[in-house]
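Below is one structure, written out as structure tokens; comments come after it.
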Amino acid sequence: MAALNETIQSGFAAHYELLGSWVLKLAQPLTNEQFWSKPFPFGNSFGHLILHLTGNLNYYIGAEMAGTGYVRDRDREFSESARPTKDEVLKKFSEAISLVTRTARAQSETNWSLPYTAMREEAAGNRFNILLRCATHLHHHVGQMTYLQFELLRK
């Protein structure tokens, strides 16, 4: 079982690192103005999506698994008007990815099946499931950011 636990730990950590690197690569060519602009009347800006992902990871993994005490303001993730710099937002996102990878690597064989519930994830069931759900959520938004980057750079 130790080998399976190490496989799960390293698999999750590597996947989050990969997805995090994709986000940073997609954001790199955008100016601060492009980062916060919405090229479509629907949806979100690139920056707001990263605020959302940072909040998601800091809450579901940080606060609820790692016990960081993070308090989430989900609505503000989509409506933040202060617009911090792209570098500030990306730094906090990278810190959230690091927190998730450390937390995944810290799980023991018995931790994966520990009961897990949180606001808006009442049916997650266990720690394995929430790490999987957050990874698929992140991957979903990477797809949106890919399209946003394409649209923002073609103008």
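The values are calculated or read from the model by the stated rules, or taken from the named source; none is laboratory data. Note that the structure is a prediction, hence the values are computed from the model and not measured. Ideal geometry is used to build each Cβ from the backbone, glycine not excepted, and the neighbour counts take in all protein chains shown.
See the values below:
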item	result
Some residue of the range 33-50 being surrounded by 14 or more Cβ atoms within 10 Å (Cβ to Cβ), more than 12 Å from K86 (Cβ to Cβ) and aliphatic (A, V, I, L, M)	yes
L152 vs. criteria within 20 Å of G43 (Cα to Cα), surrounded by 11 or more Cβ atoms within 10 Å (Cβ to Cβ), aliphatic (A, V, I, L, M) and at pLDDT 95 or above	yes
Residue match in the range 26-49 (condition: closer than 30 Å to G125 by Cα, among the aliphatic types (A, V, I, L, M) and either without any contact (Cβ under 8 Å) to a residue 12 or more places away in the chain or assigned to a helix (DSSP H, G or I) (or both))	yes
The listed residue being crowded, with 20+ Cβ neighbours inside 10 Å and part of a helix (DSSP H, G or I), out of T103, T7	T103
Of the criteria (1) part of a helix (DSSP H, G or I); (2) surrounded by 13 or more Cβ atoms within 10 Å (Cβ to Cβ); (3) not acidic (D, E), which one A118 fails	(1)
Single unsatisfied condition, T85 versus (1) polar (S, T, N, Q); (2) loosely packed, with under 15 Cβ neighbours inside 10 Å; (3) within 19 Å of Y116 (Cα to Cα)	(3)
